[in-house]
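The structure under discussion appears below in the form of structure tokens.
The values are calculated or read from the model by the stated rules, or taken from the named source; none is laboratory data. Values in this document were obtained by computation on a predicted structure and should not be read as measured data. Every residue, glycine as well, gets a Cβ built from its backbone with ideal geometry; the counts of neighbours run over all protein chains shown.
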Amino acid sequence: MRPIDLASRSGVALRRAFQTQQLRQAAGSRQYSNITSLPPTYEKLHSKYTEVRRVLGAQRLTLAEKILYSHLDNVEESLLNNTNNGRDIRGKANLKLKPDRVNMQDASAQMALLQFMSCNLPQTAIPASIHCDHLIVGSKGADDDLQAGIQTNHEVFDFLESAAKKYGLDFWAPGAGIIHQTVLENYAIPGLMMLGTDSHSPNAGGLCTITIGVGGADAVEALVGAPWELKAPKVLGVRLTGKLSNWASPKDLILHLAGLLTVRGGTGYIVEYSGPGVETLSCTGMATICNMGAEIGATTSIFPYTEASARYLEATRREQAVKNAAAFQNFPGAGASEDAYFRFKADEGAQYDELIEIDLSKLEPHINGPHTPDLSTPLSQFKSTVQEQKWPEKLSAGLIGSCTNSSYEDMTRVESIVRAAEEAGLKPKADFYVTPGSEQIRATLERDGTLETFEKAGGIVLSNACGPCIGQWKRQDGVEKGTVNAILTSYNRNFRGRNDGNLDTMNFLASPEIVTAMAYAGSTTFNPVTDSLTTPDGKEFKFPAPHGLEGPKTPFDIGKDVFKVASQPPNPNEKVAISPTSERLALLEPFEPFPNSDLSGLKVLVKVSGKCTTDTISAAGPWLKYKGHLPNISANTLNTAVNAETGEVNVAYDLNGSKHTIPELAKLWKERNQPWLVVAEHNYGEGSAREHAALQPRYLGARIIVCKSFARIHETNLKKQGVVPLTLANEQDYDKIAAGDEVATVGLYDMLQNGGQGEVQLKVTKKGTGEEFLVPVKHQVSKDQAGFILAGSALNLLSKSASV
Ligand code: SF4
């Protein structure tokens, strides 16, 4: 009997398999004395790592590099091609990676599974899980909201569950928890590499995994067993010293870092934490920091494996994983050179492309926002900033929890200040919502009395789902759309309209403790560190500094049976549930291949100014329900984009001057067979790893997107859907191109034919005057990506190879 594959097992199944393994070892088999006695995941990791060492010799490696390179499909080819013989890998090598598993949330899983189904395979090549978390609206409280959510979305949940049964995936039902919290509790094991169809998947880097947020098309590549390609990231080191104290929390570290680096600062980098300060953080605190690495555009983030990581594995009933990690780090045993050991930390002397030092002892709480996560203000300056900027002083709601901040530590720290306020007779002045990240954390907090404390204080506990974090929030406070108002959340993202669909809601991000204290004050100018509140009997009340427990005193409570994972082998007889008349699910039609020539006759649909996030290109909130129906969801395409020429939102003009919404005009042009392009500014497609933001324009007839710069995931997503992303070689050329102009490509077809090699230009013909000029553009198209574009999409290519 083979030892267990760590990557394939969830908590309960994992424990069962570990027990079997322990029995076998107790019966006399050699314990990790040779490589085949390691669990297969570590056996594979060690074999690949040995190859990496053979190719790179004694080169000092960061932790991220060790894990990433040890997941290469072809180590030598990936590390030595175009890399100055392995000396210059970062930013140069195209890594072809074989991840250990894929995790999908319900909104993105629909399209991923529809794409996987097109490949006609009986099961996935690697383990995967589906988490029903994004579609539940937060409103009155967990029970009501969950029932309503299940009723409204049963068609989608039935589809996902039937697909899980057919292909042998783990299925986490609605209410079981938010993907990242569930993954941390059940699947994250040090040294794994995972893909997640959600941009905050790097959360699991808090438990020393490399976890990368991707679109459904990338997930499908991994699910069919094809290598997944990534330009070797650079590594940004963050060295931590000191120790957090008083009101400062892990959230404040990442809020501060977002302010330093901006939403683009981490692009092309893995953020790797090191230094003595790391040892002072909890595992869940490290996960919070990694989760919000998405807000600085990082490929992913990672922490070393520490004693706190081991404690978290034990608290989540994965004691054997701790033993395995220790045994693995001690393999191959006496006499081997130090480099033969895979340690879950950077090599001594490893170099970072950039290094930032942060002294945790000096960190103060921060509040980031509104409307962007990198507008960071230290708490001590927040009052004056609010007043200078004329932001609302009244706080209308405080929302804590979500995948970012619902750990036991977070919640017990909040509990400590809620208890103090309650004892003083105070109640929150603003609405106060709590979102547990999973059933496990909810049940544990209920068992230990924390939730009761929140409810007694008037807090509303929402279901274990994304809810208000992703626009699924039915506000009960009468704040209408168009009303300027301020909310504070412990979530991770705060673009306009993100939470309640109101573009005038200002969401400020802070730690759960700060959010809660300010909810008691009902004011954005209150500083709990220095200011006091007045109690009903007229006394001054000052919050004590929060304190909490890293984890529960006894292991986590697993919670209600109904929320346990459904884990099953593939069943080829299972019928995947899709009604042909459905408005929410539609089978996919393949996109047409690239023509045998350059593109010509394209027209600029709209020139966009300012931020154009994936939320702008494909809004969430009420549109989430159409994620599995490409024609229907396409009616939201770019519907909050700003027209650069008129300043209007969601307005585009046809060639005859008639006025339309952007998606209406795109649909008209699709019907007319008029291919089009969009012109945009910086960091186009930042935000969620939302492949619909690539699929929808493609479905409606976009062939290229031209902008000043792209967000990494979105740029890749475009290429996978057969849309060519091009950046302006001279940014000022943005001013020369306008809506309605005609565009042809020069050199694009040759570049694609040559596997991504070659220069590309655009020939622009001005609408009205007929003036012509050439615009030089840049691209990042690899050989494989050129193949996707030529085939019409990555899926066209994959389904061809899967059917061979
Ligand atoms: Fe859900 Fe928000 Fe976390 Fe995304 S960031 S997984 S929407 S809770």
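Quick notes
- Among the residues making up segment 251-269, those that are part of a helix (DSSP H, G or I) and either surrounded by fewer than 24 Cβ atoms within 10 Å (Cβ to Cβ) or more than 16 Å from the ligand (Cβ to nearest atom) (or both) are 252, 253, 256, 257, 259, 260, 261.
- Every pair of residues 6+ apart whose Cβ atoms lie under 7 Å, when the first sits in segment 174-191 and is without any contact (Cβ under 8 Å) to a residue 60 or more places away in the chain while the second is crowded, with 24+ Cβ neighbours inside 10 Å and assigned to a loop (DSSP other than H, G, I, E, B): 188/209
- Scoring residue 90 on the criteria (1) buried (at least 22 other Cβ atoms within 10 Å of the Cβ); (2) in contact with a strand residue (DSSP E or B) (Cβ under 9 Å, 6 or more places away or on another chain); (3) under 22 Å from residue 208 (Cβ atoms) leaves a single failure, condition (1).
- In segment 486-514, the residues that are of a type in the set (Val, Ile, Thr) reach residues that are assigned to a strand (DSSP E or B) and surrounded by fewer than 24 Cβ atoms within 10 Å (Cβ to Cβ) with C-beta atoms within less than 7 angstrom, at least six apart or across chains, in these pairs: 487/396; 505/485.
- Cβ pairs under 6 Å, 6+ apart, first in segment 532-549 and surrounded by 12 or more Cβ atoms within 10 Å (Cβ to Cβ), second among the acidic types (Asp, Glu) and modelled with pLDDT of 95 or more: 532/540; 546/513; 548/409
Here is a yes/no grid of residues against (1) in a helix (DSSP H, G or I); (2) within 23 Å of the chain's Cα centre (by Cα); (3) within 16 Å of the ligand (Cβ to nearest atom):
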site: 143; (1), (2), (3): yes, no, no
site: 148; (1), (2), (3): yes, no, no
site: 157; (1), (2), (3): yes, yes, no
site: 174; (1), (2), (3): no, yes, yes
site: 183; (1), (2), (3): yes, yes, yes
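- Residue selection: residue 600 satisfies the criterion of being assigned to a loop (DSSP other than H, G, I, E, B) and more than 30 Å from the chain's Cα centre (by Cα).
- Within segment 551-606, tally of residues that are among the acidic types (Asp, Glu) and touching a Gly at 6+ places or on another chain (Cβ under 8 Å): 2
- Take the conditions (1) closer than 15 Å to residue 208 by Cβ; (2) assigned to a helix (DSSP H, G or I); residue 272 misses just one of them, which is (2).
- Residue in segment 409-425 that is farther than 25 Å from residue 466 by Cβ, touching a residue at least 40 places away in the same chain (Cβ under 8 Å) and in contact with a His (Cβ under 7 Å, 6 or more places away or on another chain) present: yes
- Enumerated strands (runs of 3 or more DSSP E) restricted to segment 71-136, each holding at least 1 residues that are within 16 Å of the ligand (Cβ to nearest atom): 101-105, 128-131
- Tabulated pairs, segment 235-249, first in a strand (DSSP E or B), second of a type in the set (Phe, Trp, Tyr) and surrounded by 24 or more Cβ atoms within 10 Å (Cβ to Cβ), C-beta under 9 angstrom, 6+ apart or interchain: 235/269; 236/269; 237/273; 238/273; 239/273; 240/273
- Which listed residue is under 18 Å from the mean Cα position of the chain (by Cα) and of a type in the set (A, V, I, L, M), from 702, 694: 694
- Answer from 641, 635 - the residue that is small (Gly, Ala, Ser), surrounded by fewer than 19 Cβ atoms within 10 Å (Cβ to Cβ) and under 28 Å from residue 585 (Cα atoms): 635
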